[in-house]
1. Check which residues have an amide H placed less than 5 Å from VAL239's amide H, if you skip close sequence neighbours.
2. Under the Karplus relation 6.51 cos²θ - 1.76 cosθ + 1.60, θ = phi - 60°, what is the ordered set of whole-Hz ³J(HN,Hα) values for segment 243-254, x standing for Gly and Pro?
3. Taking the Cα of GLU258, stepping 7 Å toward and past its beta carbon, and measuring to each backbone N in segment 23-54: which are under 13 Å?
4. Less than 14 Å apart at the alpha-carbon level, and either on another chain or at least 8 residues along: which aspartates and glutamates does that give for LYS171?
5. At 1.4 Å probe size, with no ligands or nucleic acids counted, give the accessible surface of LEU255 in Å², nearest ten.
6. Can you pull the Kirkwood radius for segment 199-264, inverse mean 1/r over Cα pairs, to one decimal in Å?
7. Compute the long axis of helix 168-178 from its Cα atoms, compare it with the longest principal axis of the Cα atoms of the chain, and write down the angle in degrees, 0 to 90, nearest 10.
8. At 1.4 Å probe size, what's the solvent-accessible area of SER151? Round to the nearest 10 Å².
Amino acid sequence: MNRQVEAFVAYLQHSFKARSEYTIHSPFVYNFYHNILQNEEPFHQYRFLHKVRRELNTRAQYIKRKDMGSRAKEFICDQRFVRVKDIAKRSSVSAKKGELLFRIAQAYQPAHVLELGTSLGISAMYFSQAVPESKIITIEACLDSVNVARSNFDHYGMKNITLIPGTFEEKLAFALNQIHPVDMVFFDGNHKKEPTLRYFEQCLQHIHPGSVFIFDDIHWSSDMGKAWDAIRRHPLVKVTIDLYYLGIVFFKEELSKENFRFRF
Ligand SMILES: C[S@@+](CC[C@H](N)C(=O)[O-])C[C@H]1O[C@@H](n2cnc3c(N)ncnc32)[C@H](O)[C@@H]1O
């Protein structure tokens, strides 16, 4: 089966098995469902973030793209020189996903956020706006993307974001030591099973019971689906929430181990 067919089958299975609010018995998960997932409040920060996204979505500037992850093949015209607007549209979180990241961060108020995969910096800006007092560290190997993201952070005065250029393999340990213990991690680069599980294990060394991990595109391929299965079965993991496009992991000891599937 090719990747798109696998993803479509996983989507049908997800929709079929997704729960409604009436089957949620955990108050913690009920709170997540009602106050975070279903929250339709139009936060004023969304307007600003839309403006930033619009600017990147129309920028015709070419940059030299060194995509380290599994999606390099998606850039069909030129593997090396890519327009900023094409990266913004294809690799960055959507507005819907970004707004959910915003609400998750705003609800749990992490002091330290770590992001694996900055790209142009769009998702980092959602975190920055949600928790302006937090310290956000984001890692990116593609140096031209680093330059675009950095100039955005400077231009928009996002002083709580520290961008570390380099690969996760080189820089993750250093980043984790800077923000130990880590409150929130967004895994959004190198969407393959082995590296995803490796980064997960590395981050696990720095958690506390209130830490939250968010994985992007957990059903992007069967390989990522297997990584997600291994993550949710991990003995330290308690509640997992599968939104198909994102997987969210909680470690609170008082929670019973359970996986919830919701439509998003
Ligand atoms: C999907 S994009 C991130 C999008 C970004 N989080 C956003 O929504 O605005 C993934 C990024 O991870 C980077 N990446 C993938 N594997 C990496 C690795 N091993 N080390 C460092 N960066 C990596 C890619 O270069 C790419 O820019």
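The values are calculated or read from the model by the stated rules, or taken from the named source; none is laboratory data. Since the structure is predicted, the reported quantities are computational estimates derived from the model, not experimental observations. Here the Cβ positions follow ideal geometry from the backbone for every residue, glycine too, while neighbour counts run over all protein chains shown. Calculation scope for accessible area: heavy atoms of the full protein, side chains included, ligands and nucleic acids excluded. Shrake-Rupley method; radii C 1.70, N 1.55, O 1.52, S 1.80 Å.
1. For VAL239, the qualifying residues are PHE250, LYS252, GLU258.
2. Here the 3J(HN,Hα) series is 9, 6, 7, 9, x, 10, 10, 10, 10, 4, 5, 6 Hz.
3. 23-33
4. Leaving aside aspartates and glutamates fewer than 8 places away in the same chain, those within reach of LYS171 are GLU115, GLU140.
5. About 20 Å², ignoring ligands and nucleic acids.
6. After inverting the mean inverse Cα-Cα distance, the result is 12.0 Å.
7. 70
8. Estimated to the nearest 10 Å², SER151 gives 60 Å².
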